[in-house]
Structure formats: structure tokens, C-alpha cells
1. Here is a list: Ala363, Ala417. Which entry is hydrophobic (A, V, I, L, M, F, W, C), closer than 18 Å to Ala322 by Cα, touching a helix residue (DSSP H, G or I) at 6+ places or on another chain (Cβ under 9 Å) and assigned to a strand (DSSP E or B)?
2. Filter the range 479-519 down to residues that are touching a residue at least 40 places away in the same chain (Cβ under 8 Å), in contact with an Asp or Glu (Cβ under 9 Å, 6 or more places away or on another chain) and among the aromatic types (Phe, Trp, Tyr), then give me how many there are.
3. Just name the residue that is farthest from Ser200 (Cα to Cα) out of those in the range 160-183 that are modelled with pLDDT of 95 or more and open to solvent by 70 Å² or more (accessible area, probe 1.4 Å).
4. Somewhere in the range 191-213, is a residue modelled with pLDDT of 95 or more, open to solvent by 30 Å² or more (accessible area, probe 1.4 Å) and in contact with a Phe, Trp or Tyr (Cβ under 7 Å, 6 or more places away or on another chain)?
5. For Asp160, are the conditions met, namely being more than 22 Å from Leu64 (Cα to Cα) and either in contact with a Cys (Cβ under 8 Å, 6 or more places away or on another chain) or part of a loop (DSSP other than H, G, I, E, B) (or both)?
6. From (1) closer than 23 Å to Arg311 by Cα; (2) in contact (Cβ under 8 Å) with a residue 24 or more places away in the chain; (3) not in a loop (DSSP other than H, G, I, E, B), pick out the condition that doesn't hold for Glu342.
7. Which ones in the range 337-349 are open to solvent by less than 30 Å² (accessible area, probe 1.4 Å), in contact with a Pro (Cβ under 7 Å, 6 or more places away or on another chain) and modelled with pLDDT of 95 or more?
8. Looking at (1) in contact with a helix residue (DSSP H, G or I) (Cβ under 6 Å, 6 or more places away or on another chain); (2) under 28 Å from Ala281 (Cα atoms); (3) part of a helix (DSSP H, G or I), which is the only condition Pro390 fails?
Amino acid sequence: MRKGKLWSFALIMLLVLSTALAACSGGDDKEGSGDKDKDKDTADKGGSENKTLVFGRGGDSTSLDPSRVTEGETFKVTVNLFETLLNFGEQDTTVQPGLAKEYDTSEDGLTYTFQLEEGVKFHDGTDFNAEAVVKNFERWANGDSDTFPYYNSMFGGFKDDEDHVIESVKADGESTVIITLKRPQAPFLKNLAMSMFAISSPEAFEKGNDEYERNPVGTGPFKFVEWKPNETITIEKNEEYWQEGLPKLDRIIFQAIPDNSARLNALLSGEIDLADGINPADGLKIEDNDTLQLFERPSMNVGYLGLTVTREPFDKKEVRQAMNYAIDKQSIVDSFFEGRAEVAKNAMPSSISGYNDDVEDYAYDPEKAKELLKEAGLEDGFEMELWAMPVPRPYMPDGKKVAEAIQSNLADVGIKAKIVSYEWATYLDKASKGEADAFMLGWTGDNGDADNFLYVLLDEDNIGSNNYTYFKNDETHKLFIEAQTEVDEDKRIELYKQAQEILHEEAPWVPLAHSIPLLGGKKELTGFVPHPTGSDLLSNVEFK
């Protein structure tokens, strides 16, 4: 653009004046940088230039290596740091392209060929390629159930185990990966899309598992910055992200606020921008607030009371059935879920294909509970510990209050339950080791398949990983394995329905509720879509 000599002269004089003023200010480079940061922080805290999202949640993560955990607080963060070979749909669990842009399946269902995106970099600058994918699978397959519990659950064990479903993972050039299975696995593609099978930088994880879970390196839209345990986790925009125009935020701060009321107050006061774990009773407060909006997460969960079958007296089926008759589940749902949940009778919600609606739920019947206790030789009842969840979860908005309701129900049939709890990570660790008599827990489905509920949570293969009750049954095990290898969906449905009838009879759980989890956010927040898995990708979120 030309404006003649007069404009050129004016520009030169402006530059000279600017230089003179900078010299007179006496400030150095460091001070100038500080002023910019101050301006940025001001913009981040509000207004149309807001580029920082503060996400209030009920608990801290236990790790930032998604392959090492089974709990949702970790996946909330890591889904934004890492990517998987395949993705789920924006609001469902249909399989979509991910780091693999295309895939092909052989007719016998044993060979999967993946064509990878090219030119993608990990956050440490190393290349994402076929060899990196192979190294990730080798890392998982060479582990054990303590290190990689979910790999064990979804792929039948580890490298040398007879039931390990993966035969080999090989690179064919820079951008092709071929995975060969020992037997067909119906939910295999959905398994690959789950958060815990995200692809990590081999250069980063080869420094050691313990080092890596505090210094995660993926290919995702955000990069890890800082973790202050039990306080905040901060991630920032990946400027080199391979999907153009994303992410829209510069920074996300995940803030742990265990108390539901305190988290709601933080949202109401503007201290945080988005909050999960909103009490059902508080939904109306958000809906009636002109500055806020309420989000409903599609229901794909179950909250339950687990009964550890290796501990007396829960090794007796009659006692487990008595627990089911003793607890007034409808009252719990009415009192603590405010109509935003349905009473559970099976180990998975009705939204999952294969749900058996013909199962007749245990009625609330204290007298029947007493009869069963008498049959078990416990006419005078017994004493037990009832573990109450220390953090709100989507399937259990207030663990302590629900535990108190259960305690009261059990007292009515002569069972004296002492409520105990632990810090969240300790709670999960001890419960997984079978140390609880009865424990409150739940599950949000990770791939929308019945296998991800029934097999993962209640099969002998997963004792010590996701099967905290230590329940095992030869009949259900056979049904689960057959359902995994059956590609005819109608036949799979029948197998899972049979398994639910056996589980109902054996009663390792008291299924409590399938909830509709609530979140609250600022009105100007756009692009946020709650995912049924509970792992929310925030790359499209912005303030308008």
C-alpha cells in the first residue's frame, strides 16, 4: 500500500519517537514482559477476550497417564492432552476417525489395518508415526494388572497370557499399523477409542512410568503445564496442533473442589466457569440464573453398593440377597437425585444394547431380608463396615448422605453398619484389594458396549483391577467370552441377557441408580458438549 513520501516520513518520525520514549522509561525486557503478562491475566479473567477456562470438579486426578487408571477424574484432563487411534462421536459412542484417518477390517475379523494421519507431532516435538503406536502397545502388553489395569480388562491379559486377544501390532512403513488378533473381539474398535488407550510419546514414557504419570506428553489440542496435587491441574494451548483452528482456548485450569455446595458457590460467584457434579437439587438454581446455563450429560452409568464376596458374611448368597431386599432404592433416588435418575436393577443402564428388562428387581422388603439372614444363620444380624465415597461422582452426587440412608435401612433388619471413608485415591486402592466389606462405587461406560460393564466389572479376569467385589462365576465367564467373540449382535444380546439373570441371582452388588449427571456453566460459554463417557473434549469451547 503506497501513501507517498509524506506517509513514509511520518512513519520514520513515529518510530524515532517510540524508541526515545522506550529509552526514557528505564524499563528492561523483563519488566516489559511482566506488563504483557499482567494484561493477559486481566483478559483471561473475564470479558470478551477471555481465553482461560476454570473447570471446577469434585476431586483430583490420581495420575495423568490415562493407561494406568480407571477413574474418570484423570480422563477429564487427559482426553484433552492425548488422542486415540479412533474417536467416539461428539455425543455418542459411534466409532469415528482419530489419529487413524482410515481403517480396514479383514473378513475373518482378525486383522485391522490403520492408516495414520501424517505430519502429527507429540508435544515434545517427536514424530507421531506407526512405530510410536507399536511402542505404546508393547508398553501396555509387557505390563501387568497393577500397572495397566484397563489393558488387562479390555484385551484379556498381557503378552504371555493365554487369553490375551492381541497377537501382534506391527508397523508397515511410517503411516500404516497392522493389528492382528488371536480371536475376533466384537468391541475391539470401540475399545481402541477409549481414553485409556491414548497414544503417548515413546521418548517421554521411556523415562519411566512414575516419571511419566506426572509429565504427560501426547498429541492433543492442549499441553500439560502444572499439577498442584488436590488443587489444580493447568494445561495450555498446543500451538502446533494438527487440526487447524483448534483449540479455541489458551488455557484450562482444572480445580478440585470436593464439596458440592462450595463448587456451586464458586460457579455462582464467577470464581469458576464450568462445574460438574452439580447436585440434582441445585439444578433449578442454575436454570433460574440468567448468567448461567445447565448441561445434562447423557446417562450411561450405574451407581452401586459392592459386596466383597471373599469377606464374611458376604461369601453367602443369602446375605447378599438380604442386602438387596433391605435397601430402599426408590427412596434414595427420590431423596438425592431429584427425579434425575432411575432405580437400577441391573449392572448396566437400559441405554446399552443387551439390557435385560425382564429381570425382576428386588423389592424393598425388610421382612424378606430378615428371613434370608435367618437362613444364613444370622438371625441377630451382624456388624460391618460401609465404605462411603469421599467425592461426588456423576452416578453418586453425595456419597455420605446416601451411605447414611443405607445405614438406616440396614439397621432396620439388624445389620449394624459403621460408615468409613478415605481419601479418593486411597479409597480406590484399598477397595480394589478387597479390603472393604461393602463399598459404594459406580461406573460411567467408556465405550457404550455391554462388555464394558458386565465383563469389566464382574468377571474373574478383572479381579483386582475393575472387579472390586472379587465375584467369579463359571457360567457368566463363559457367556462373557462367547459374547466378545460373537459378531452377530442379536446373539450377543441374548448372551448378555442370560448373564444378567445370573448376576441378579448371585447378587454381588446392590445396583442403586442410573443418573443424569448435571453440569453448570457461564452463559457465554459455547461449544461445550457433555459426552456420555464423562470425558469431555474441550477443544471447541470458547467464550462469546
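1. Values: Ala363 fails: assigned to a strand (DSSP E or B).
Exactly one of Ala363, Ala417 is hydrophobic (A, V, I, L, M, F, W, C), closer than 18 Å to Ala322 by Cα, touching a helix residue (DSSP H, G or I) at 6+ places or on another chain (Cβ under 9 Å) and assigned to a strand (DSSP E or B), namely Ala417.
2. Matching residues across the range 479-519 total 1.
3. Lys182
4. Within the range 191-213, none of the residues are modelled with pLDDT of 95 or more, open to solvent by 30 Å² or more (accessible area, probe 1.4 Å) and in contact with a Phe, Trp or Tyr (Cβ under 7 Å, 6 or more places away or on another chain).
5. Numbers: more than 22 Å from Leu64 (Cα to Cα): yes; either in contact with a Cys (Cβ under 8 Å, 6 or more places away or on another chain) or part of a loop (DSSP other than H, G, I, E, B) (or both): yes.
Judged against the criteria, Asp160 is a match.
6. (1)
7. Step one: of the range 337-349, the residues open to solvent by less than 30 Å² (accessible area, probe 1.4 Å) are 337, 341, 344, 346-349.
Checking the rest, the ones that are also in contact with a Pro (Cβ under 7 Å, 6 or more places away or on another chain) come to 337, 344, 346-347.
Within the range 337-349, Ala344, Asn346, Ala347 meet the criteria.
8. (3)
The values are calculated or read from the model by the stated rules, or taken from the named source; none is laboratory data. Please read all numbers here as calculations on a predicted model, not as lab measurements. Counting neighbours? That spans all protein chains shown, and the Cβs are built from the backbone with ideal geometry, glycine included. Just the protein is used for accessible areas: all its heavy atoms, side chains included, with ligands, DNA and RNA removed. Shrake-Rupley method; radii C 1.70, N 1.55, O 1.52, S 1.80 Å.
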